[in-house]
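Beneath this line is the structure, given in structure tokens, with notes to follow.
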Amino acid sequence: RKEVEQDPGPFNVPEGATVAFNCTYSNSASQSFFWYRQDCRKEPKLLMSVYSSGNEDGRFTAQLNRASQYISLLIRDSKLSDSATYLCVAGGGSYIPTFGRGTSLIVHP
Amino acid sequence: GAVVSQHPSWVICKSGTSVKIECRSLDFQATTMFWYRQFPKQSLMLMATSNEGSKATYEQGVEKDKFLINHASLTLSTLTVTSAHPEDSSFYICSARATGEEQYFGPGTRLTVT
């Protein structure tokens, strides 16, 4: 079983839609969680950290569910520029950060 | 966010030659640097973890004698692909971490071995 699993998608949504991704992790000792965004042939860029209390940044909301061992990312009012691959990461402490395979999002007009 | 540079951004080399890739943290001191490899449509695969002044820790299946990592200072780590083969062609990305948990990625190096 992979340590961090994501639905690869693609998620194909119209502009203005709300879309949510989930990511499950297998290591219950994971302490730090992040969402990264990766554009085609570019390096990943940190989108946001995921805290136990949740985290909201504009149109983006991240949640952590420790009991079920998953993190989520909600994007409201999708823009064309949101089209990218979204990677989740679980790690922290002595645990090396592990990336999910990424979820592809395509926002169309 | 913090800035990490990588050089070169792309390189083409002949089979059997060696290639060195540099990773620098420009505005912070990186206690740990990570080296990843990403094949098309695949996830980032961690190759090794490098701490300044100590030997790198390699992930299972990564040959340490083929992928030489040197982390001589808190701002520079290098990855040398020795005796490169076409199957080593990939996107190599480094990341650096300071005291927090966030990682900051370099722009990546696209290696093509002919």
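The values are calculated or read from the model by the stated rules, or taken from the named source; none is laboratory data. The model shown is predicted, which means the values in this text are computed figures rather than measured ones. Don't worry about glycine lacking a Cβ; one is built from the backbone with ideal geometry, like all the others, and counts go over all protein chains shown.
Residues that are closer than 20 Å to B:Arg97 by Cα, exposed (fewer than 13 other Cβ atoms within 10 Å of the Cβ) and either polar (S, T, N, Q) or at the interface with chain B (Cβ under 10 Å from one of its Cβ atoms) (or both) do not occur anywhere in segment A:10-25.
Pairs are defined by a Cβ separation below 8 Å, a sequence spacing of at least 6 or placement on different chains, a first member in segment B:65-82 that is among the charged types (D, E, K, R), and a second member that is surrounded by fewer than 19 Cβ atoms within 10 Å (Cβ to Cβ); the pairs so defined are B:Asp65/B:Thr82; B:Lys66/B:Thr82; B:Lys66/B:Ser83.
Counting the residues of segment B:46-103 that are in a strand (DSSP E or B) and among the small types (Gly, Ala, Ser) gives 8.
Screening segment B:104-114 for residues that are surrounded by fewer than 17 Cβ atoms within 10 Å (Cβ to Cβ) and assigned to a loop (DSSP other than H, G, I, E, B) and picking the one that is farthest from the other protein chains (Cβ to nearest Cβ) gives B:Thr114.
Could you check segment B:4-34 and list, in sequence order, the residues that are within 12 Å of chain A (Cβ to nearest Cβ) and either charged (D, E, K, R) or touching a Phe, Trp or Tyr at 6+ places or on another chain (Cβ under 7 Å) (or both)? Answer for segment B:4-34, where residues must be within 12 Å of chain A (Cβ to nearest Cβ) and either charged (D, E, K, R) or touching a Phe, Trp or Tyr at 6+ places or on another chain (Cβ under 7 Å) (or both): just B:Val4. Hey, can you tell me all the residues within segment A:32-47 that are at the interface with chain B (Cβ under 10 Å from one of its Cβ atoms) and surrounded by 13 or more Cβ atoms within 10 Å (Cβ to Cβ)? Residues satisfying the conditions are A:Ser32, A:Phe33, A:Phe34, A:Tyr36, A:Gln38, A:Lys42, A:Glu43, A:Pro44, A:Lys45, A:Leu46.
On the basis of being surrounded by fewer than 18 Cβ atoms within 10 Å (Cβ to Cβ), in contact with a Leu (Cβ under 7 Å, 6 or more places away or on another chain) and not small (Gly, Ala, Ser), does B:Gln38 make the cut? Talk me through it step by step, then tell me what you get.
Working: surrounded by fewer than 18 Cβ atoms within 10 Å (Cβ to Cβ): no; in contact with a Leu (Cβ under 7 Å, 6 or more places away or on another chain): yes; not small (Gly, Ala, Ser): yes.
Spelling it out, it is not the case that B:Gln38 is surrounded by fewer than 18 Cβ atoms within 10 Å (Cβ to Cβ), in contact with a Leu (Cβ under 7 Å, 6 or more places away or on another chain) and not small (Gly, Ala, Ser).
What residue, among those in segment B:56-103 that are within 9 Å of another protein chain (Cβ to nearest Cβ) and β-branched (Val, Ile, Thr), is nearest to B:Lys14 (Cα to Cα)? Residue satisfying both the conditions and the ranking: B:Ile93.
Being at pLDDT below 90 and among the charged types (D, E, K, R) is the filter; apply it to segment B:87-103 and report the residue that is surrounded by the most Cβ atoms within 10 Å (Cβ to Cβ). It comes out as B:Arg97. Of the listed requirements (1) loosely packed, with under 13 Cβ neighbours inside 10 Å; (2) modelled with pLDDT of 90 or more; (3) in contact with a strand residue (DSSP E or B) (Cβ under 7 Å, 6 or more places away or on another chain), A:Ser68 misses just one: (3).
Might you let me know whether segment B:60-69 holds any residue that is surrounded by 19 or more Cβ atoms within 10 Å (Cβ to Cβ) and either modelled with pLDDT of 90 or more or not hydrophobic (A, V, I, L, M, F, W, C) (or both)?
Start the filter on segment B:60-69 by keeping residues that are surrounded by 19 or more Cβ atoms within 10 Å (Cβ to Cβ), which leaves B:67, B:69.
Right, trim to either modelled with pLDDT of 90 or more or not hydrophobic (A, V, I, L, M, F, W, C) (or both) and you get B:67, B:69.
Yes, because at least one residue in segment B:60-69 is surrounded by 19 or more Cβ atoms within 10 Å (Cβ to Cβ) and either modelled with pLDDT of 90 or more or not hydrophobic (A, V, I, L, M, F, W, C) (or both).
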